[in-house]
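The block underneath contains the structure these notes are about, expressed in structure tokens.
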Amino acid sequence: MKALNYCAITFGTFLIAGCASQSTAYYTLATPHSAPASAVDKQNTTPYIVSRVSVPSDVDDTTLIVRQSNDQLMVLRNDKWTASLGEVLHNALSQALTQAVGTPPLQGVMPSSATGVDNTNQIIVDVQQFEMQPARQSSLAAVWRINFADKNQPALTCYSYLSVPVTAGVAPLVAAQQSNVTSLAQQIAYVLKNKKSDKDTNCQLGV
């Protein structure tokens, strides 16, 4: 796919213009904190870590990249993530899981020994599609896996596809992806707690 750098971009009635004078806007995928899950939910959740979150290499940048057509990506020079997309997504997903599960992931405080990791639920997320199409939609597709601490429970590998329609502008694209990340975290949290998929998630045992 071909990535293009443009200084003036028109999205319907929304205009991004004047590269020389326009200030840079910074975005994150994390949403404002709200109250986490109830204390009852916390009691039923064993510790977990988000061991890896990967994103497609063609959009893993600090600059926002949107889809212009089937074979072209457009770089928005004055619209940036607060870090690389992979880092931003990992952080946002960890925060969203904190809200959905009721406890935060423990990768920052886990002991270095393999024993500590083996006794903890491990979440691996491979984002296979992260697309923002101006005035159309923001979509996220991910294959994710939970390796349960309970060795009698087979791992579950699941697939999620999330899409939110958007109006013109950059901020709606980001807000829609924030919503997708929140929905993904809720799906992961359900499987983590219940060890089975919900109606919106396709999971397979031990894949």
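Bear in mind that the values in this text are calculations on the coordinates, not laboratory data. Please read these numbers as outputs of a predicted model, since none were measured by experiment. Note that we place each Cβ from the backbone using ideal geometry, even for glycine, and neighbour counts take in every protein chain shown.
Distant-in-sequence amide contacts of residue 133, defined by a placed amide H-H separation under 5 Å and a gap of 5 or more residues or a different chain, comprise 67, 138, 139. In terms of Cα atoms, the Rg and Dmax of region 50-207 work out to 16.4, 50 Å. The phi-based Karplus calculation (6.51 cos²θ - 1.76 cosθ + 1.60; θ = phi - 60°) puts the 3J(HN,Hα) values of region 69-80 at 7, 4, 10, 9, 10, 10, 8, 9, 4, 9, 10, 10 Hz, whole numbers, x for Gly and Pro. Remark: 65, 188, 124 ranked as 124, 65, 188, counting other beta-carbon atoms within 10 Å and listing the fewest first. Extending 7 Å from the Cα toward the beta-carbon at both residue 137 and residue 106 defines two label points whose distance is 3.9 nm.
Computed from backbone phi with θ = phi - 60° and the Karplus coefficients 6.51, -1.76 and 1.60, the 3J(HN,Hα) list for region 153-162 is 9, x, 4, 10, 10, 10, 10, 10, 10, 10 Hz; x is used for glycine and proline.
Taking other C-beta atoms within 10 angstrom as a stand-in for reagent exposure, 126, 79 fall in the order 126, 79, fewest first.
Spin-label model, residue 150 to residue 126: label points 7 Å out along the Cα-to-beta-carbon direction sit 2.6 nm apart. Shown is the FRET efficiency for residue 26 and residue 200, computed with R0 = 41 Å from the Cβ-Cβ distance and rounded to the nearest 0.05: 0.85.
Over region 130-207, the pair-distance histogram of Cα-Cα distances with 10 Å bins from zero comes to 20, 42, 24, 12, 3 percent, rounded to whole numbers. Straight-line cross-link reach from residue 80 at under 17 Å between alpha-carbon atoms covers these aspartates and glutamates, not counting any fewer than eight positions away in the same chain: 58, 60, 61, 131.
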